[in-house]
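Below is one structure; the comments refer to it alone.
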Amino acid sequence: MDTERNDEFLEELKKHLCPDRLHHSLCVAQSAHELAMRYGADAQKAYTAGLLHDIMKNESDEALLHFFRENGIILTTTEQHSRKTWHAMAGALYCERELHVRDAEILSAIRWHTTGRAGMTLLDKVVFLADFISADRDYPGVERMREKAEVSMEAALLEGLQFTIQELVSQGRPVHEDSVRAYNELVCNRKG
Ligand SMILES: [Fe+2]
Ligand SMILES: [Fe+2]
């Protein structure tokens with residue numbers, strides 16, 4: 001079981017990540033575990049997905065583009081201009097092909113942790129949110145996000161997506177279509 005391989009994954013992470021990013025990964029794993037307990041997701045899977053979610057975060061642009069080429073991945077125009085999304089795509093692929101992670105829910109949560117998507121699974125949501133509220137985060141408004149995440153997963157997700165989209169727009173950068181779809185779905189399904 002992939003969830004029983006955390007010690008092995010931790011050793012693998014040490015080869016890929018700088019100390020700060022490794023610390024972040026451990027914090028996200030912990031936060032994902034807590035959120036999973038709160039919202040009824042699989043807490044073991046949440047921990048493992050949180051641990052692995054940024055495994056490709058410290059790779060260079062060249063290394064990631066090479067990895068995509070090697071694995072036959074063709075980036076969309078938006079993706080070509082959204083460097084921040086690369087590590088999530090590459091991370092899920094690396095975990096599947098190189099670390100032989102077989103659990104589709106864990107791979108999905110890693111894959112979608114940056115952009116979100118329409119139809120996110122509960123585990124996708126847990127890891128996406130854990131990345132925003134983990135103990136190492138200290139951006140303005142993080143306490144509000146943490147409080148929101150304790151009350152409503154959907155409300156916190158929506159705020160996270162609003163934050164991501166607004167930041168990209170204010171910087172004149174492209175917004176990934178999957179983030180727009182995730183945002184629209186949340187807004188359209190919002191009660192009240
Ligand atoms: Fe990430
Ligand atoms: Fe992260």
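Listing for the model above:
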| quantity | calculated |
| --- | --- |
| Close pairs (7 angstrom Cβ cut-off, 6 or more residues apart or separate chains): in a helix (DSSP H, G or I) in region 18-32, of a type in the set (Val, Ile, Thr) and more than 10 Å from ligand 2 (Cβ to nearest atom) anywhere | 31/133; 32/126 |
| Condition met for residue 70 (within 21 Å of residue 97 (Cβ to Cβ) and either crowded, with 18+ Cβ neighbours inside 10 Å or in contact with an Asp or Glu (Cβ under 7 Å, 6 or more places away or on another chain) (or both)) | no |
| In region 61-81, the residues that are touching a His at 6+ places or on another chain (Cβ under 9 Å) and within 16 Å of ligand 1 (Cβ to nearest atom) | 64, 79 |
| Residue ID - most open to solvent (accessible area, probe 1.4 Å), chosen from residues in region 1-34 that are within 16 Å of ligand 1 (Cβ to nearest atom) and among the aliphatic types (A, V, I, L, M) | 26 |
| Some residue of region 38-50 being in a helix (DSSP H, G or I), touching a residue at least 24 places away in the same chain (Cβ under 8 Å), away from ligand 2 (no atom under 16 Å from the Cβ) and farther than 27 Å from residue 157 by Cα | no |
| Odd one out for residue 63, checked against (1) farther than 30 Å from residue 151 by Cβ; (2) within 12 Å of ligand 2 (Cβ to nearest atom) | (2) |
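Okay, residues lined up against (1) within 13 Å of ligand 2 (Cβ to nearest atom); (2) closer than 22 Å to residue 163 by Cβ; (3) modelled with pLDDT under 95:
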site: 91; (1), (2), (3): yes, yes, no
site: 101; (1), (2), (3): no, no, no
site: 107; (1), (2), (3): no, no, no
site: 116; (1), (2), (3): no, yes, no
site: 119; (1), (2), (3): no, yes, no
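The values are calculated or read from the model by the stated rules, or taken from the named source; none is laboratory data. Just so it is clear, the model here is predicted, and its values are computed rather than measured. Note that each Cβ is placed from the backbone with ideal geometry, even for glycine, and that neighbours are counted across all protein chains shown. Each accessible area value is taken on the protein alone, full model and side chains, heavy atoms only, with ligands, DNA and RNA left out. Shrake-Rupley method; radii C 1.70, N 1.55, O 1.52, S 1.80 Å.
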